[in-house]
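Worksheet for the structure shown next.
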Amino acid sequence: MSSAKFTLRCQSCGARLSGMKEWFEGGQCCPQCGSKQGVADFKDGYNKIETLTAAYQKPESLWHYLDYLPLTDPAHIVSYQEGIVDMDRWTFVEQFAREHYNLHIRVYAHRNDQNPATGTFKDLAGTMVASVLKENGYQRYVAASTGNIANAFAKYLATAGIELFAFIPKGSSPFQVSSIKSYGQHVFRVEGDYSRAKDLAAEFAKDKGIPLAAGNYDPMRVEAKKIMVYEWLRLLPEQPTVYIQALSGGTGPIGIQKALDELKEAGHPLKAPRQILVQSDKCAPMARAWARARAAGFPDNWEQDYPIIENPETEIQTLSTGNPATYPVIGPLVRQSGGEIISGEENMAVLMARMVALETSTIIGPAAAIPVAGLFRALREGYIHDGDIIVLNVGEGASRAPEFMSKLAWENTTVKSLEDIRPNGNSIYRKKLWRELDQMLTA
């Protein structure tokens, strides 16, 4: 199926493909050089972007931007009204920055935990993959996942009538397995870590002749994630200077760069925000590689030097990518933006989630708590500057991690009579949380 709307261009050699059908038929890689980095180029010159991102627009889903997404016929859209979420001001962080570091900043939380289908950032990829597979006539799909992306695929593909075969590490949450299975999809718990799950998924897909989720370079996922930038233009009164998110594989940062490239071509260039990407300190191969390269002054081929962590010992399985195969792309992208790759302390995740819940009435999941910890570390390390406009991606709600949510209660009190009741107000709780944070930041 040749598309009159867009072509796919190989990022490595520049070869052109006529559309997604040719991409799938070629094994989701370039027929000339074998690269998996396919980029969608839209033929109209992106001349509608300014209108689509105008403040008066009231979109219902990311498909508001259909003109610049790799789908031809809107009849194939599979959607739960994802991608259109709030951008909340987090004044409690702004106040902390003023009082502790004399920094006057503004912080916006991009509330991807509000996505209706599964309550995660992965819903953007779910709607895109399901719609594109449906348009191109595919009935089965294979994916390796640490949990959240498989859940999103499971729901959206089930809605589209497409069979999913999900491979996840054995250590992943039983809740994730149950959720995937509840949609009638197949899920296989793999002995070993995420890398082993990816290997087995690839073997299965090849043996059965089924399309395999192409990972972080997948043009479907990249195109879905780029709409974040379009939403910044529509919703924010000012251009972000810093973008912060949890880092596992890195599709989000790649999608942001794709949007910036499109805006430049449309004649509306934006300065790239400094990307501060945060890994859990229990599984931080990219952060470790970055720190080593930074200390050495980024020598030749620094982006090819990274560790591989086998069987990461992290409780946040959605951030357990021990083999950071995307680092050769993510590292230079971050450096070009003037950003950093850092780790956030996993032992701060519960404190961060409690604080966000108290200060904003938003309950976030563990993978979303890590970039919050990273933001406080970035303040401490001097990576945040006076006047910065920060967007922090809240990638998941706590509903995705019930085990984590059970840890958020401040205290559980059992009473037998009125005499046992000793109310403790929010003011006491708030002081306790901020005192704990101060202790952790100065430890």
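The values are calculated or read from the model by the stated rules, or taken from the named source; none is laboratory data. Not measured: the values here are computed from a predicted model. With ideal geometry, Cβ positions are generated from the backbone for all residues, glycine too; neighbour counts draw on all protein chains shown.
Condition (residue is modelled with pLDDT of 95 or more and closer than 25 Å to Phe167 by Cα) applied to region 286-297: is it met by at least one residue? Within region 286-297, one or more residues are modelled with pLDDT of 95 or more and closer than 25 Å to Phe167 by Cα. Scanning region 222-256 for residues that are touching a residue at least 40 places away in the same chain (Cβ under 8 Å), small (Gly, Ala, Ser) and in contact with a Lys or Arg (Cβ under 8 Å, 6 or more places away or on another chain) yields one hit, Gly252.
Only residues that are in a helix (DSSP H, G or I) and closer than 30 Å to Gly38 by Cβ: list them for region 95-112, please. The answer is Asn112, and nothing else.
Condition first: among the charged types (D, E, K, R), at pLDDT 95 or above and out of contact with any Leu (no Cβ under 6 Å at 6 or more places or on another chain). Can you find one or more residues in region 305-319 that meet it? The answer is yes, given that some residue of region 305-319 is among the charged types (D, E, K, R), at pLDDT 95 or above and out of contact with any Leu (no Cβ under 6 Å at 6 or more places or on another chain).
Residues are listed down the side, and each one gets a yes or a no for (1) at negative phi; (2) modelled with pLDDT under 95:
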site	(1), (2)
Asn102	no, no
Arg106	yes, no
Ala109	yes, no
Pro169	yes, yes
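Tell me whether region 381-392 contains one or more residues that are surrounded by 10 or more Cβ atoms within 10 Å (Cβ to Cβ), among the hydroxyl-bearing types (Ser, Thr, Tyr) and either under 21 Å from the mean Cα position of the chain (by Cα) or closer than 18 Å to Gln279 by Cβ (or both). Looking through region 381-392, at least one residue is surrounded by 10 or more Cβ atoms within 10 Å (Cβ to Cβ), among the hydroxyl-bearing types (Ser, Thr, Tyr) and either under 21 Å from the mean Cα position of the chain (by Cα) or closer than 18 Å to Gln279 by Cβ (or both). Taken over region 192-202, residues that are over 23 Å from the mean Cα position of the chain (by Cα) and either of a type in the set (Lys, Arg) or under 15 Å from Pro312 (Cβ atoms) (or both) amount to 1. Do we find a residue being buried (at least 21 other Cβ atoms within 10 Å of the Cβ) and closer than 29 Å to Met348 by Cβ anywhere in region 258-270? Scanning region 258-270 turns up no residue that is buried (at least 21 other Cβ atoms within 10 Å of the Cβ) and closer than 29 Å to Met348 by Cβ. Could you tell me which residue of region 257-285 is nearest to Glu313 (Cα to Cα), considering only residues that are without any contact (Cβ under 8 Å) to a residue 12 or more places away in the chain and of a type outside the set (Lys, Arg)? Filtering first and then ranking leaves Asp261. The helices (runs of 4 or more DSSP H) falling completely within region 226-320 that include 3 or more residues that are within 14 Å of Gly331 (Cα to Cα) map to 251-265, 285-295.
Note on region 340-367: among residues that are small (Gly, Ala, Ser) and under 18 Å from the mean Cα position of the chain (by Cα), the one that is surrounded by the most Cβ atoms within 10 Å (Cβ to Cβ) is Gly344.
Residue check: is Ala205 crowded, with 21+ Cβ neighbours inside 10 Å, modelled with pLDDT of 90 or more and within 22 Å of the chain's Cα centre (by Cα)? So Ala205 fails the test. Being of a type in the set (Asp, Glu) and within 21 Å of the chain's Cα centre (by Cα), is that true of even one residue in region 135-154? No, that holds for no residue.
Restricting attention to region 207-221, the residues that are touching a residue at least 24 places away in the same chain (Cβ under 8 Å) and out of contact with any strand residue (DSSP E or B) (no Cβ under 6 Å at 6 or more places or on another chain) add up to 8. Given the criteria closer than 22 Å to Pro237 by Cα, charged (D, E, K, R) and over 23 Å from the mean Cα position of the chain (by Cα), does Glu99 qualify? The answer is no for Glu99. Each residue in region 261-282 was checked for being in contact with a helix residue (DSSP H, G or I) (Cβ under 8 Å, 6 or more places away or on another chain) and at pLDDT below 95, and 7 pass. Only residues that are without any contact (Cβ under 8 Å) to a residue 12 or more places away in the chain and surrounded by 21 or more Cβ atoms within 10 Å (Cβ to Cβ) were counted across region 63-111, and they come to 0.
So that you can scan it fast, the table gives a plain yes or no per residue for (1) buried (at least 17 other Cβ atoms within 10 Å of the Cβ); (2) farther than 22 Å from Tyr65 by Cβ; (3) touching a helix residue (DSSP H, G or I) at 6+ places or on another chain (Cβ under 7 Å); (4) not aliphatic (A, V, I, L, M):
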site: Cys10; (1), (2), (3), (4): yes, yes, no, yes
site: Arg16; (1), (2), (3), (4): no, yes, no, yes
site: Lys21; (1), (2), (3), (4): yes, no, no, yes
site: Glu25; (1), (2), (3), (4): no, yes, no, yes
site: Pro31; (1), (2), (3), (4): no, yes, no, yes
site: Gly34; (1), (2), (3), (4): no, yes, no, yes
site: Gly38; (1), (2), (3), (4): yes, no, yes, yes
site: Tyr46; (1), (2), (3), (4): yes, no, yes, yes
site: Glu50; (1), (2), (3), (4): no, no, no, yes
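Considering region 119-153, and only residues there that are without any contact (Cβ under 8 Å) to a residue 60 or more places away in the chain and more than 20 Å from Ala367 (Cα to Cα), the residue that is surrounded by the fewest Cβ atoms within 10 Å (Cβ to Cβ) turns out to be Gly137. The residues in region 30-62 that are free of Cβ contacts under 8 Å to residues at least 40 places away in the same chain and closer than 27 Å to Tyr327 by Cα can be counted, and the count is 7. Within region 174-193, residues that are closer than 16 Å to Thr118 by Cβ have Cβ atoms under 7 Å from residues that are of a type in the set (S, T, N, Q) and modelled with pLDDT of 90 or more in these pairs: Gln176/Asn151; Ser179/Asn151; Ile180/Asn151, counting only partners at least 6 apart in sequence or on another chain.
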